[in-house]
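J.: Take this structure, written in structure tokens, and hold onto it; I'll ask about it next.
The values are calculated or read from the model by the stated rules, or taken from the named source; none is laboratory data. Every value quoted in this text rests on a predicted model; they were computed, and no experiment measured them. Heads up: the accessible areas ignore ligands, DNA and RNA and are worked out on the full protein's heavy atoms, side chains in. Shrake-Rupley method; radii C 1.70, N 1.55, O 1.52, S 1.80 Å.
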Amino acid sequence: MTTWTARPETTDDITAIRDINLAAFPTSEEADLIDALRTDPKAWIDGLSLVTEGSDGTLAGHALLTRCHVDGEPALALAPCAVLPSAQRTGAGSAAIRAALDAARSVAGNLVLVLGHPEYYPRFGFTPASRFGIRAPFDVPDETMMAMALDDTRPVPTGTIQYPAAFGV
């Protein structure tokens, strides 16, 4: 079993992150999205792009959190998340996501949103966003638009999600 170490990306990781996303998805859409988000100072938050590496230093996973809003209030969008196909189902993705969520707790805002597989993301604490009174700006099955409060003692905003321009929605 591989032990994964998660850490914030460095500039030396940018090419490997792109390669991970190109390998994990059928098109370059997610890799291009990351490149676009990196250039958006309103969306990009240093320290919230996390990679996982094996004991040999090879990067295998990536999780990105960027600034979004819910009816004008700050929130974070978890997207994209990717793992090299050869490392999928080994914990590389989970390690990156857990590290990203831990890092997010030091950022203003209390809400993380993800559009993803309803069988996967609940293991991290995500539930349907509709339970928080949050909706996507496009039609999506209720169980795939999920939200998580980073601190259950603090309120979260309600309303419609506003993604950064790079998302194209």
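J.: Could you compute how fast the stretch 96-161 diffuses translationally, taking Rh as the Kirkwood radius over C-alpha pairs and applying Stokes-Einstein at 4 °C with viscosity 1.567 mPa s? Give it in µm² per second. Write down the numbers at each step before the final one.
T.: Details: Rh = 12.1 Å.
Estimated diffusion coefficient is 107 µm²/s.
J.: Convert each backbone phi in the stretch 47-53 into a coupling constant with the Karplus relation 6.51 cos²θ - 1.76 cosθ + 1.60 (shift: θ = phi - 60°), then list the ³J(HN,Hα) values in order as whole Hz, x for Gly and Pro.
T.: Along the stretch 47-53, the couplings run x, 10, 10, 10, 10, 10, 10 Hz.
J.: Using the heavy atoms of the protein chains alone and a 1.4 angstrom probe, what is the accessible area of the stretch 1-90 per residue in square angstrom? Show your work: numbers first, answer last.
T.: Numbers: 4500 Å² over 90 residues.
Result: 50 Å² per residue.
J.: May I pose another question? Taking the chain as the reference, fit the longest principal axis to its C-alpha atoms, fit the long axis of helix 14-24 to the helix C-alpha atoms, and give the angle between the two in degrees, 0 to 90, nearest 10.
T.: It works out to around 80 degrees.
J.: Next question, about the same structure. Using alpha-carbon positions, what is the distance between the centroids of the stretch 1-43 and the stretch 125-160, in Å?
T.: 25
J.: Given Cα pairs under 8 Å that are at least 6 residues apart, what percent is the relative contact order of the chain? Don't skip to the end; give the middle numbers.
T.: Values: 320 pairs, mean separation 37.8, N = 169.
Reported relative contact order: 22 percent.
J.: Something else: For the stretch 40-169, evaluate the Debye formula with one uniform point scatterer on each Cα (no solvent term) and list log10 I(q)/I(0) at q = 0.09, 0.13, 0.20 Å⁻¹, rounded to two decimals.
T.: For the stretch 40-169, the Cα-only Debye profile gives -0.24, -0.51, -1.17.
J.: Right, something else. To check my understanding: the extent here is largest minus smallest coordinate of the Cα atoms along each principal axis. What are those three numbers for the stretch 1-105, in Å, largest first?
T.: Reported extents, whole Å, longest axis first: 43, 29, 23.
J.: How long is the gain from D151 to T2 if the chain were fully straight, where each residue apart is worth 0.36 nm and the alpha carbon distance is subtracted?
T.: Values: separation 149, 0.36 × 149 = 53.64 nm, distance 3.07 nm.
Gain on extension, D151 to T2, equals 50.6 nm.
J.: Moving on to the next point. Of all the accessible heavy-atom surface of the chain, with the other protein chains kept in place and a 1.4 Å probe, what percent is carbon and sulfur? Spell out each step's value before the answer.
T.: Details: 4340 of 8390 Å².
Answer for the chain is 52 percent, counting heavy atoms of protein chains only.
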